[in-house]
Amino acid sequence: MTHKPQAKYRHDYTKPDFTITDIALDFELSPETTRVTAVTQVQRNSEA
């Protein structure tokens, strides 16, 4: 399955509906396992 490249133009850009305002990552590392916890703050973009 092949995909042809599709041109993206600046005039087609629209602002996203949501903005990520903060991301907190917590890493727990051990020889057997790794746990990553991510907490993301998302805010609705009033200009979208």
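Please list 3J(HN,Hα) in residue order for region 3-11, calculated via the Karplus relation 6.51 cos²θ - 1.76 cosθ + 1.60 where θ = phi - 60°; whole Hz, with x for glycine and proline.
3J(HN,Hα) across region 3-11, in whole Hz: 10, 7, x, 10, 5, 10, 10, 4, 5.
Over the chain, what is the mean sequence separation of C-alpha contacts under 8 Å (at least six apart), divided by residue count, expressed as relative contact order in percent?
Details: 50 pairs, mean separation 19.1, N = 48.
Once normalised by length, the contact order is 40 percent.
Pull out the extension gain between residue 42 and residue 9, defined as 0.36 nm times the separation in residues minus the alpha carbon to alpha carbon distance; nm, one decimal.
On the way: separation 33, 0.36 × 33 = 11.88 nm, distance 2.66 nm.
Residue separation times 0.36 nm, minus the Cα-Cα distance, leaves 9.2 nm.
Report the chymotrypsin sites (Phe, Trp or Tyr not before Pro) located in region 7-48 that are in a DSSP loop and have at most 10 other Cβ atoms inside 10 Å of their Cβ, or state none. Write out the running numbers ahead of the final one.
Values: sites: 9, 13, 18, 27; in loops: 9, 13.
Passing both the DSSP loop test and the Cβ count: 9, 13.
Since every read-out is calculated from the coordinates, none of them should be taken as a lab result. Here the structure is a predicted model, which means the values were calculated and not measured. Methodologically, a virtual Cβ is constructed for each residue, glycine included, from the backbone with ideal geometry; neighbour enumeration extends over all protein chains shown.
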